[in-house]
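The values are calculated or read from the model by the stated rules, or taken from the named source; none is laboratory data. Keep in mind that what you see is a predicted model, and the values were worked out from it rather than measured. Because the Cβ atoms are built from the backbone with ideal geometry, glycine has one as well, and the counts that use them run over all protein chains shown. When the accessible area is computed, the model is the full protein with side chains, heavy atoms only, and any ligands, DNA or RNA have been set aside. Shrake-Rupley method; radii C 1.70, N 1.55, O 1.52, S 1.80 Å.
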Number of protein chains: 2
Amino acid sequence: MSSWKDNLRTIEPYVPGEQPDLPDMIKLNTNENPYPPSPKVQEVLDQYDINALRLYPDPNSQHLVDAIAEYNGLNSDQVFVGVGSDDVLAIAFMTFFNSKKPILFPDITYSFYDVWAELFQIPYVQKPLDDHFEFVRSDYYGENGGIVIANPNAPTGVVQELDALRDIIDHNRDVVVIIDEAYVDFSDHSALELIKEYDNVLIVQTYSKSRSLAGMRIGHAMGSAELIAAMNDVRFSYNSYPMTRLSVEIGAAAIRDKAYFEEMRKRVVDTREWTKKELTRLGFTFGDSKTNFIFAKHKTIPGEVFFDELRKKHIFVRRFGNNPRIKDYLRISIGTQKEMEILVQELEKIEKMH
Amino acid sequence: MSSWKDNLRTIEPYVPGEQPDLPDMIKLNTNENPYPPSPKVQEVLDQYDINALRLYPDPNSQHLVDAIAEYNGLNSDQVFVGVGSDDVLAIAFMTFFNSKKPILFPDITYSFYDVWAELFQIPYVQKPLDDHFEFVRSDYYGENGGIVIANPNAPTGVVQELDALRDIIDHNRDVVVIIDEAYVDFSDHSALELIKEYDNVLIVQTYSKSRSLAGMRIGHAMGSAELIAAMNDVRFSYNSYPMTRLSVEIGAAAIRDKAYFEEMRKRVVDTREWTKKELTRLGFTFGDSKTNFIFAKHKTIPGEVFFDELRKKHIFVRRFGNNPRIKDYLRISIGTQKEMEILVQELEKIEKMH
């Protein structure tokens, strides 16, 4: 007998990092910022007239789009906003990846890419990173339906230089190349300038890490006006009003507060560099992270041991146990300096016990 | 030469009602509530610690899901939440409509259904409503890939009784039947009780109309735990954290304030009934609306005339000029009593001029 269950889209969903909520926890598992968002966000809430919430938001989220465009020196028609960069990336996949040829991305990268490909029935091939977690450029020279590069890459933290990206793009002018810059604010450079040269390059960024607003779900894409218009057509075919009124106003206020942003970013980067030295001292190895996390492996002790022992102390880090290439790595988000000092103490204890 | 443009998903997007923002306007074009949301929403904002916004939301939106379940006497595993009912419906289409057979819905109904079908490449057939905008039940007896019924229907405002829905569902136990109850709080009854009898019925509702929270983008679906689990798998394959932290807390607080909700709902319904009498007096005809809008046609004067003249006075209503069956109808949202009195005065002036 036929059943409604025959017509289900069955899919193995992405599993996000857990969201424990313990008063004494040190949460270093989902790459959130340890510092609060800009005080300008508080001002938005303090002054907000809730009567406005009875109305639909502006479908174009114009206040937010304009603020992001201004910050980045772009026209507003070069900016697309969504409900976190996951929403932005999902729409980009749906909009641009409708070829029969496979899209390409690395074997070790953001683990949502293959989930979206499955969801939207996009063929894909994962190209292995080399043993230093670097891209093999020539893997991306052949025919394909599009390319996705996280830069800096996650969970490795490793960054590709602009000339490597440019080389890959030069070999792929007939497909869309997405550069996912979720962590770019903790690195030295963005590939944003490439959108002036290439009409097929889309840069995706997020408010969730460097702007301390993971809870407000704001992400954005930047590219040629043609790319952005195509994404908006798909967006408006899915949901006319994706962003809450509060997200739009909070996002616009936050991006205008450059001084606060620079200060908080510097704090995270300084703590990251301190943590790298300590991890080296304790016998960990890792790529040169340009993000707000470090992806590290101990020379002798398995990742699972650290993961479980830290958890007992309510210190949460992330592990990707299902992937044999990286099962011994811990992805450790950068917390406050104080939190990282406690982490290092605990790692040292675990190391001495084993 | 091949181009990235060859792989675009090209689609005619849904066009939402315009969002004018004039200080003196009377906005009756997008079925928003004229009254502010519950004062409990203000309390949430007043007490909110913005430091929490640095963290991702709970992927399950549990506070909100639990509050909706409690309000409706359901288990939490029977409730799904999304970014407005548009997001909820889009995910339901993606999850449940993967048959080669066409899904069915009326020719005059919420104009997003065919847009989602196009977006997700779902075959569909639109069944004409009869001349009183009523469903022809037998149109839904044949083989199909699923059914979508807006009840009360939009933009007609007409409601189907439960026995009609039950009849359609009894003929369609092997597909999912979605009942879109965006306007149900302004009618006498919901089909919610049917989810206890039928594991293939999904009820979709929204906070955007009766709860005065269009600006916060909150919608929900209710159905068997199996239906909800399937939607969650698709949801988590698209975006792990769809709802902002503020949406979750505001939504939970709003639905718990039943007294305020009942009072505002009664005000809208009372004004609707007053407006019906006045429209009849002015020579309009309309179905018996059980929503927060009236879909009305004048016996002699074309809809376009009223639409344009009202617009000059900054009174915005909605018209569906592209559809010949309904091009002379105006969809007039119910505003405050005072706003509707002004509307009636202006309609009367226009009538006398023509």
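Here the stretch B:104-113 is the region considered, the condition is being within 21 Å of residue A:9 (Cα to Cα) and more than 10 Å from chain A (Cβ to nearest Cβ), and the residue that is farthest from the chain's Cα centre (by Cα) is B:104. For the stretch A:239-264, a residue qualifies if it is within 10 Å of another protein chain (Cβ to nearest Cβ), open to solvent by less than 10 Å² (accessible area, probe 1.4 Å), out of contact with any Ser or Thr (no Cβ under 8 Å at 6 or more places or on another chain) and not small (Gly, Ala, Ser), and the qualifying residues are A:239, A:250. Does residue A:303 count as under 20 Å from residue A:27 (Cβ atoms), crowded, with 20+ Cβ neighbours inside 10 Å and free of Cβ contacts under 8 Å to residues at least 24 places away in the same chain? No, not satisfied. Taken as a whole, the stretch B:269-280 holds no residue that is under 22 Å from residue B:67 (Cα atoms) and either more than 10 Å from chain A (Cβ to nearest Cβ) or over 21 Å from the mean Cα position of the chain (by Cα) (or both). Selection of first residues in the stretch A:287-299 that are in contact (Cβ under 8 Å) with a residue 12 or more places away in the chain and of second residues that are among the β-branched types (Val, Ile, Thr) and part of a loop (DSSP other than H, G, I, E, B), restricted to Cβ pairs under 6 Å at least 6 apart or on distinct chains, gives the following pairs, ordered by first then second residue: A:287/A:156; A:287/A:158; A:290/A:159; A:292/A:334; A:295/A:156. Considering the stretch B:1-14, and only residues there that are assigned to a loop (DSSP other than H, G, I, E, B) and either touching a residue at least 40 places away in the same chain (Cβ under 8 Å) or facing chain A (nearest Cβ under 7 Å) (or both), the residue that is farthest from residue A:232 (Cα to Cα) turns out to be B:2. As for the stretch B:24-32, it holds no residue that is within 7 Å of another protein chain (Cβ to nearest Cβ), closer than 21 Å to residue A:91 by Cβ and under 21 Å from the mean Cα position of the chain (by Cα).
If we scan the stretch A:164-177, do we find a residue that is farther than 30 Å from residue A:74 by Cα and within 14 Å of chain B (Cβ to nearest Cβ)? Checked against the condition, which is being farther than 30 Å from residue A:74 by Cα and within 14 Å of chain B (Cβ to nearest Cβ), the stretch A:164-177 yields no hits at all. If you go through the stretch A:55-66 and keep only what is buried (at least 22 other Cβ atoms within 10 Å of the Cβ) and more than 23 Å from the chain's Cα centre (by Cα), you end up with just A:57.
Let's see how each residue does on (1) at pLDDT 95 or above; (2) among the β-branched types (Val, Ile, Thr):
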residue	(1), (2)
A:129	yes, no
A:147	yes, yes
A:181	yes, no
A:189	no, no
A:195	yes, yes
A:205	yes, no
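Within the stretch B:37-80, the set of residues being of a type in the set (A, V, I, L, M) and more than 14 Å from chain A (Cβ to nearest Cβ) comprises B:65, B:67, B:68, B:69, B:74, B:79. Could you please let me know if residue B:199 is of a type in the set (Asp, Glu), touching a residue at least 12 places away in the same chain (Cβ under 8 Å) and under 30 Å from residue B:294 (Cα atoms)? Spelling it out, it is not the case that residue B:199 is of a type in the set (Asp, Glu), touching a residue at least 12 places away in the same chain (Cβ under 8 Å) and under 30 Å from residue B:294 (Cα atoms). For the stretch A:212-238, a tally of residues being under 30 Å from residue A:174 (Cβ atoms), facing another protein chain (nearest Cβ under 7 Å) and open to solvent by less than 20 Å² (accessible area, probe 1.4 Å) returns 4. When residue A:187 is tested against the conditions (1) within 13 Å of chain B (Cβ to nearest Cβ); (2) touching a Pro at 6+ places or on another chain (Cβ under 8 Å), the lone failure is (1).
Quick one: would you say residue A:101 is part of a loop (DSSP other than H, G, I, E, B), open to solvent by 40 Å² or more (accessible area, probe 1.4 Å) and more than 7 Å from chain B (Cβ to nearest Cβ)? For residue A:101, the condition - part of a loop (DSSP other than H, G, I, E, B), open to solvent by 40 Å² or more (accessible area, probe 1.4 Å) and more than 7 Å from chain B (Cβ to nearest Cβ) - is met. Could you tell me whether residue B:284 is over 22 Å from the mean Cα position of the chain (by Cα), among the aromatic types (Phe, Trp, Tyr) and crowded, with 20+ Cβ neighbours inside 10 Å? So residue B:284 fits the description; yes.
In this entry, residue A:198 passes the filter for residues that are surrounded by fewer than 23 Cβ atoms within 10 Å (Cβ to Cβ), in contact with a helix residue (DSSP H, G or I) (Cβ under 6 Å, 6 or more places away or on another chain) and more than 9 Å from chain B (Cβ to nearest Cβ). Annotation: of all residues in the stretch B:104-115 being touching a strand residue (DSSP E or B) at 6+ places or on another chain (Cβ under 9 Å) and aromatic (Phe, Trp, Tyr), the one that is surrounded by the fewest Cβ atoms within 10 Å (Cβ to Cβ) is B:110.
The strands (runs of 3 or more DSSP E) falling completely within the stretch A:119-181 that include 1 or more residues that are within 18 Å of residue A:224 (Cα to Cα) and open to solvent by less than 10 Å² (accessible area, probe 1.4 Å) map to A:146-150, A:177-180. Which residue pairs have Cβ atoms closer than 9 Å, lie 6 or more positions apart in sequence or on different chains, and pair a first residue in the stretch B:254-279 that is among the hydrophobic types (A, V, I, L, M, F, W, C) with a second residue that is open to solvent by 80 Å² or more (accessible area, probe 1.4 Å)? As it stands, the answer is B:254/B:40; B:255/B:70, since those pairs meet every condition given.
Could you tell me whether the stretch A:79-97 includes any residue that is over 14 Å from residue A:177 (Cβ atoms), open to solvent by 20 Å² or more (accessible area, probe 1.4 Å), over 17 Å from the mean Cα position of the chain (by Cα) and not assigned by TED's automatic domain parsing to the domain that holds residue A:323? Within the stretch A:79-97, none of the residues are over 14 Å from residue A:177 (Cβ atoms), open to solvent by 20 Å² or more (accessible area, probe 1.4 Å), over 17 Å from the mean Cα position of the chain (by Cα) and not assigned by TED's automatic domain parsing to the domain that holds residue A:323. Of the residues screened, residue B:213 is not one that is within 27 Å of residue B:164 (Cα to Cα), modelled with pLDDT of 95 or more, touching a helix residue (DSSP H, G or I) at 6+ places or on another chain (Cβ under 8 Å) and not β-branched (Val, Ile, Thr).
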